[in-house]
Amino acid sequence: MSSAATMTSHGNATTQPHSARSLTAPTTIEETGLPEELLVQLLVRTLYTQGELTERSAGEIMKLPYGVMRELFILIQREKLCEVKGHGESLGVLLRYVLTEAGRQRATAFMDLCRYVGPAPVPLNQYINMIKSQPVNSLTIDRRTVTAATEHLVLTPGTVDQLGEAVNSGWAIFLYGPPGNGKTVLAEAIGKMLEAVGGGEVYIPYAMEVDGQIIQVFDPITHVKVDAPQEAARSLIEAKVEKDTRWVLCKRPIEFAGGELTMATLDLSFNASAKYYKAPPHIKANGGVFLIDDFGRQLVRPRDLLNRWIVPLEKRVDYLTLHTGKVFQIPFDTIVLFATNLEPAKLADEAFLRRIRNKIYIADPTPERFTQIFEEVCKKKGVPYDPEAVQYLLDGVYVKYQLNMRSCHPRDLIEQIVSIAKFNGVPPTLSKTFIDRACHTYFFVEAAEYDQNTSQ
């Protein structure tokens with residue numbers, strides 16, 4: 001990996017572009033692309049919290065190879081911040097280090113500046129290069145992939161076409177229509193599409209460094225690790241030296257935000273006590289999908305939220321601000337899904353809707369599709385399917401009480417039937433009694449009217 005690092009006037013390191021996707025491990029401090037002082041502080045804090053470390057054990061925590069760790073230990077030993085306590089494992093090649101009294105005092109001061117302990121960050125420019133090397137719109141999602149990912153949803157052919165075309169564009173998607181028809185589940189299906197094709201995996205850093213500040217990017221809830229092929233180690237002290245393990249191979253992420261979303265959520269989250277940042281959800285979703293569910297029902301006004309997204313959606317970049325006032329640009333390579341059951345015209349003006357290039361209406365199911373969904377759910381839940389029972393449901397409940405069919409109703413009603421049968425100690429069936437009782441508790445129907453209906 002070629003990287004001629006130099007220190008800027010602010011103490012930051014600048015490097016030549018990272019060899020994206022190659023992930024060759026750095027062999028020196030200079031090749032990490034990070035300021036030497038940042039790595040020294042991180043190592044001293046790590047020693048402070050762990051008590052005793054070897055080059056290997058420290059490298060496993062900081063995700064840096066032996067050569068870099070050896071160089072760092074020599075530096076802090078030269079400054080009399082640590083001392084050798086003895087030989088470690090591996091035939092005496094590794095040494096065991098502990099902090100000196102001066103080192104513990106320095107560690108306390110470093111902790112006041114930042115309490116981050118963990119994998120070393122990657123420089124911002126390496127993060128930018130990596131995101132650009134694995135863009136979400138570079139994937140080719142064919143009809144077979146879309147059909148396989150959505151077969152459990154029983155979509156119309158037209159909706160399948162619209163969805164496939166929208167995902168291939170890589171641009172934002174507006175899913176709208178009545179509630180309960182699978183807009184949220186569609187977002188999960190898009191994630192399956194991204195996983196199913198070549199390039200369905202991305203490298204995510206544990207953290208990145210901007211202007212001397214550490215921003216935690218990897219989130220174990222959002223980022224699902226994928227086992228990467230491992231090359232054989234050349235020696236005991238050079239295990240994992242071939243790859244830069246500051247990066248994690250993950251499935252393309254799917255990040256969700258609902259009614260809790262605020263303007264502050266979309267900015268860097270600074271922990272005032274720990275003194276480091278966490279990336280906002282749309283940055284954690286880089287290379288994948290970011291779903292804003294129940295759009296229009298957030299604590300923030302829809303117009304304010306949309307104004308925040310105008311530049312990222314059009315330019316594919318966002319601007320974040322550190323608490324120091326430093327503003328920096330970062331890639332915004334995410335398929336944003338806005339899912340709502342409100343009228344789009346009431347949420348956004350024409351100028352914003354123009355920037356959301358894909359608008360897909362998710363309609364209520366037809367009686368035929370409703371019946372098909374009902375049959376599919378019966379198979380999954382182990383309930384014997386009876387077409388006459390479904391017809392009874394359509395005529396005796398939906399038509400009679402003028403109810404709208406929703407795609408979620410078959411699942412919900414059958415789960416109600418399973419619960420009723422379980423309580424009564426009998427197998428679940430689509431009997432009229434079970435259907436009536438499930439509908440009575442599920443739908444808003446006057447109890448007296450329904451009791452009279454079920455007694456007939």
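Beta bridges from DSSP with both residues in segment 160-311: antiparallel share about 70 percent, rounded to the nearest 5. Averaging the sequence gap over all C-alpha pairs within less than 8 Å and six or more residues apart, then dividing by the number of residues, gives the chain a relative contact order of 15 percent.
What are the semi-axes of the equivalent ellipsoid of segment 280-432, taken as the square roots of 5 times the eigenvalues of the Cα gyration tensor, listed largest first and rounded to whole Å? Don't skip to the answer; put the middle values down first.
Numbers: eigenvalues 395, 69, 35 Å².
In descending order, the three semi-axes are 44, 19, 13 Å.
The length gained on full extension between ASN271 and LYS326, counted as 0.36 nm times the residue separation minus their Cα-Cα distance, comes to 18.1 nm. In the chain, the DSSP beta bridges split such that about 55 percent are antiparallel, to the nearest 5.
Packing, taken as the mean count of other beta carbons within 10 Å per residue, orders the peptides 263-273, 114-124 from highest to lowest as 114-124, 263-273.
Across all Cα atoms of segment 300-353, the radius of gyration (one decimal) and Dmax (whole number) stand at 13.3, 40 Å. In the structure shown, do any of LYS192/LYS359; LYS132/LYS192; LYS251/LYS346; LYS243/LYS315; LYS183/LYS284 have a Cα-Cα gap over 27 Å, and if so which? Result: LYS251/LYS346; LYS243/LYS315 exceed 27 Å.
In terms of overall dimensions, segment 78-211 has a Cα radius of gyration and Dmax of 25.2, 71 angstrom. Note on ASP412 and VAL224: the model spin-label points, each 7 Å out from Cα along the C-beta direction, lie 2.7 nm apart.
Starting with the highest mean, order 298-306, 428-436 by the number of other Cβ atoms within 10 Å, averaged over the residues of each peptide.
Details: 298-306: 15.9, 428-436: 18.2.
Per-residue Cβ counts within 10 Å, averaged per peptide and sorted highest first, yield 428-436, 298-306.
Computed with a 1.4 Å probe over protein heavy atoms only, the accessible surface of the chain comes to 47 Å² per residue. Residues in segment 57-63 carry Karplus couplings, in order, of 5, 5, x, 5, 6, 8, 6 Hz; the curve used is 6.51 cos²θ - 1.76 cosθ + 1.60 with θ = phi - 60°, and Gly or Pro positions show x. Here segment 325-368 and segment 261-311 have alpha carbon centers that stand 15 Å from each other.
Please report, as a whole percent, how much of the solvent-accessible surface of the chain comes from carbon and sulfur atoms (probe radius 1.4 Å). Of all accessible area on the chain, carbon and sulfur atoms account for 51 percent. Distance between the 7 Å Cα→Cβ label points at HIS440 and ARG144: 5.1 nm. In this structure the amide hydrogen of VAL317, modeled in the peptide plane, comes within under 5 Å of the amide hydrogens of PHE332, none closer than 5 places in sequence on its chain.
Database remark: amide H of LYS85 closer than 5 angstrom to the amide H of ARG96, TYR97, VAL98 (H placed geometrically; neighbours at sequence offset of 5 or more, or on other chains; Pro and chain starts carry no H). Peptides 329-338, 146-155, 390-399 ranked from most to least packed, by the mean per-residue count of other Cβ atoms within 10 Å: 329-338, 146-155, 390-399.
Volume per residue, Å³, of the convex hull around the alpha-carbon atoms of segment 143-218? Please list the in-between numbers first.
Working: hull volume 10.6 nm³, N = 76.
Given the Cα convex hull of segment 143-218, per-residue volume reads 140 Å³.
Rounded to the nearest 500 deg cm²/dmol, what is the calculated helix-only ellipticity per residue at 222 nm for the chain, with -39500 (n - 2.57) per DSSP H run of length n ≥ 4?
Numbers: 17 runs with 179 residues, N = 456.
Counting only the DSSP helices, I get -11500 deg cm²/dmol.
Once backbone amide H atoms are built at 1.01 Å from N, VAL336 has ALA172, ILE173, PHE290 as its partners under 5 Å, excluding neighbours fewer than 5 places away on the same chain. A simple charge model with +1 on the Cβ of Lys and Arg, -1 on the Cβ of Asp and Glu and nothing else charged puts the dipole of segment 283-363 at about 140 debye relative to its Cα centre. Place a label point 7 angstrom from the Cα of ARG316 along the Cα-to-Cβ direction, then list the residues of segment 129-166 whose backbone nitrogen is under 14 Å away. Residues passing the 14 Å test: 129-140. In plain terms, the chain from TYR401 to VAL185 could stretch by 75.0 nm, reckoned as 0.36 nm per residue minus the Cα-Cα distance. Which FRET efficiency value, to the nearest 0.05, do you get for LEU249 and ASP211 by plugging their Cβ-Cβ distance into 1/(1 + (r/R0)^6) with R0 = 25 Å? Rounded to the nearest 0.05, the efficiency is 0.35.
Histogrammed with a bin width of 5 Å, the alpha carbon distances of segment 114-184 distribute as 3, 12, 17, 17, 13, 9, 8, 10, 8, 3, 1 percent, first bin at zero. Here the scattering of the chain is modelled by Debye summation over its C-alpha atoms, one equal scatterer each and no solvent; at q = 0.07 Å⁻¹ the log10 of I(q)/I(0) is -0.50.
Counting only protein heavy atoms and using a 1.4 Å probe, the accessible area of ILE141 comes to about 10 Å². The translational diffusion coefficient of segment 57-112, from Stokes-Einstein at 10 °C and 1.306 mPa s with a Kirkwood hydrodynamic radius over alpha carbon pairs, comes to 132 µm²/s. Calculate, for THR366 and VAL84, the FRET efficiency according to 1/(1 + (r/R0)^6) with r their C-beta to C-beta distance and R0 45 Å; round to the nearest 0.05. For THR366 and VAL84, the calculated efficiency is 0.05. Comparing Cα centroids, segment 57-109 and segment 140-159 end up 54 angstrom apart.
The values are calculated or read from the model by the stated rules, or taken from the named source; none is laboratory data. No experiment lies behind these values; they were computed from the predicted model shown. Note: ideal-geometry Cβ built from the backbone for every residue, glycine included; neighbour counts use all protein chains shown. Heavy atoms of the whole protein, side chains included, go into the accessibility calculation; ligands, DNA and RNA do not. Shrake-Rupley method; radii C 1.70, N 1.55, O 1.52, S 1.80 Å.
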